[in-house]
Amino acid sequence: MARDSLTIEAQLGQRTAELEAALRENESLRRSLRESEEKFHRLVERSLVGISLSDGHRFIYVNPKFAEITGYSVDELLHMGPLDILAKGDHSQASEMLLRGLAGEIISNFSTIINILRKDGTMVIGELTGGPSVDVDGKPALIAMIEDITGKVRADDKIKMLNYRLWEQAVRDPLTDLFNRRYFEESLARELIHAQRQGQTVGLVMGDLDHFKSVNDTCGHQAGDQVLRAFAGLMKQYSRGSDIPCRYGGEEFLLLLPGITEEKALERAELLRTRIAAIPVECHGQTLYVSASFGVAVFPQHANDTDTLISVVDKAMYQAKAAGRNRVCCVDISAE
């Protein structure tokens with residue numbers, strides 16, 4: 001009997017020791033978990049990215065960086081919702097994303113650009129990263145991370161603007177602001193390929209100012225530049241959106257007219273001829289008027305390649321010069 005008592009007592013002691021060891025291990029695990037949670041919380045609190053947790057209507061949690069980006073305090077944000085910090089133009093898309101997220105329709109991480117309306121009324125550009133909903137107390141919630149990329153976007157815009165200006169300088173004539181010869185020839189080659197595939201036409205109008213050297217010699221280069229800019233202004237004024245006006249060299253101009261007939265090209269040249277002849281030029285107290293001679297050619301009626309088409313329109317322009325200037329000519333291929 002005593003032996004049985006000793007056996008039971010030993011078993012109880014062993015069991016007690018096991019329970020105490022389990023409790024110590026459990027306490028150690030809870031302490032490790034608590035330390036991990038505190039470490040994670042410190043990381044989130046010190047994050048350089050704004051982090052929020054919301055139920056779609058109100059923020060449940062926001063970190064200090066999120067508050068810094070939006071300009072509101074943490075306490076203020078906890079009484080607000082995601083739509084309250086967005087520009088009105090983003091509300092529709094954001095509402096749809098919130099509904100889809102809470103409904104479990106978003107199954108992977110995503111990134112999008114948003115416009116954040118700060119408390120002071122200024123706007124910042126943010127990159128929002130989100131993902132599938134998470135469970136918080138048995139209800140779906142959405143985690144969002146926001147990074148302020150306003151500076152990056154503005155820097156990118158400046159680079160794009162600078163590149164555009166460099167491109168403009170490379171393809172534009174600085175005096176007249178028309179496209180230059182290089183760009184024109186590249187565009188003409190491209191338009192002829194397109195026209196050939198589509199069975200369309202391409203018209204060319206070449207204009208050359210009459211007696212331009214005498215204007216420079218008599219009135220000076222400033223007056224000559226005035227005439228060139230005036231002629232360029234007329235070409236831009238009477239061009240369609242698809243047309244390409246160009247200063248081809250000196251006082252010689254070309255106008256590329258996609259999808260135009262010979263008749264319409266001749267009408268455009270005649271319009272330019274009458275308009276330039278009506279522009280007055282002041283020269284040493286006197287008013288002078290200048291004229292221009294024009295040639296017209298159309299692809300594929302007059303030529304099938306860029307070099308030949310330019311040669312034909314150039315020949316037509318010189319025929320106008322030879323016929324007395326201040327007129328429009330189109331080379332008669334059948335007569336050659």
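Over 24 Å between C-alpha atoms is what I'm after, so list which of Lys158/Lys236; Lys213/Lys315; Lys264/Lys315; Lys88/Lys160; Lys88/Lys119 land there.
In this structure, Lys158/Lys236; Lys88/Lys160 exceed 24 Å between Cα atoms.
Give the shape of region 143-206 as rounded, prolate or oblate, defined through the alpha-carbon gyration tensor: a ≥ b ≥ c are the square roots of its eigenvalues, a/c under 1.5 means rounded, and otherwise the shape is prolate if a/b is larger than b/c and oblate if not.
Cα axes put region 143-206 in the oblate bin.
Could you pull out every residue, at least 5 positions away or on a different chain, whose amide H is within less than 5 Å of the one on Ser291? Hs are placed 1.01 Å off N in the peptide plane, and Pro or chain starts have none.
Distant-sequence amide H within range of Ser291: Asp210.
Place a point 7 Å from Cα of His221 in the direction of its Cβ. Which residues in region 254-288 have their backbone N less than 20 Å from it?
282-284
For Lys213 and Ser92 in the same chain, what is the full-extension length gain: residue separation times 0.36 nm, less their Cα-Cα distance, in nm?
37.2 nm
Calculate, in nm to one decimal, what Gln237 and Ala103 gain on full extension: separation in residues at 0.36 nm each, minus their alpha carbon distance.
42.6 nm
Obtain the nm distance between the two label points defined at Glu267 and Leu162 by a simple spin-label model: each point lies 7 Å from its Cα along the Cα-to-C-beta direction.
Modelled inter-label distance: 4.8 nm.
For region 115-126, in order, what is each residue's ³J(HN,Hα) by Karplus, 6.51 cos²θ - 1.76 cosθ + 1.60 with θ = phi - 60°, in whole Hz (x at glycine and Pro)?
9, 9, 8, 6, 4, 7, x, 7, 10, 10, 9, x
For region 211-336, what does the alpha-carbon gyration tensor say about shape, rounded, prolate or oblate, given a ≥ b ≥ c as the root eigenvalues, a/c under 1.5 as rounded, and a/b over b/c as prolate?
prolate
Could you compute the FRET efficiency for Arg182 and Asn304, with r as their C-beta to C-beta distance and R0 at 30 Å, rounded to 0.05?
0.85
Loop only by DSSP, 16 or fewer other Cβ within 10 Å of the Cβ. Give me the chymotrypsin sites (Phe, Trp or Tyr not before Pro) in region 210-293 that pass, ordered by residue number.
Listed in order of number, the matching sites are Tyr238.
Quick one: Karplus J couplings for region 138-149, per residue in order, coefficients 6.51, -1.76, 1.60, θ = phi - 60°, nearest Hz, x for Gly and Pro?
Karplus values, whole Hz, x for Gly and Pro: x, 10, x, 9, 10, 9, 9, 10, 10, 10, 6, 10.
Evaluate the Debye formula for region 97-136 with equal point scatterers sitting on the alpha carbons, no solvent, and hand back log10 of I(q)/I(0) at q = 0.18, 0.24, 0.27, 0.28 Å⁻¹, in q order, two decimals.
Each listed q maps to, in turn, -0.61, -0.80, -0.87, -0.90.
How much of the accessible area of region 84-209, in percent, comes from carbon and sulfur atoms when a 1.4 Å probe is used?
53 percent
Tabulate in residue order the Karplus-calculated ³J(HN,Hα) for region 308-319, using 6.51 cos²θ - 1.76 cosθ + 1.60 with θ = phi - 60°, rounded to whole Hz; enter x for Gly and Pro.
5, 5, 5, 5, 5, 5, 5, 5, 5, 5, 6, 5
Return the whole-Å distance between the Cα centroid of region 55-92 and the Cα centroid of region 203-275.
Answer, in whole Å: 59.
Report the gain in length on full extension from Lys119 to His284: 0.36 nm times residue separation, minus Cα-Cα distance, nm rounded to one decimal.
Length gained between Lys119 and His284: 53.0 nm.
The values are calculated or read from the model by the stated rules, or taken from the named source; none is laboratory data. Note that the structure is a prediction, hence the values are computed from the model and not measured. All Cβ positions, even for glycine, are placed from backbone atoms using ideal geometry, and neighbour counts span all protein chains on display. For accessibility, only protein heavy atoms count, side chains too; no ligands or nucleic acids. Shrake-Rupley method; radii C 1.70, N 1.55, O 1.52, S 1.80 Å.
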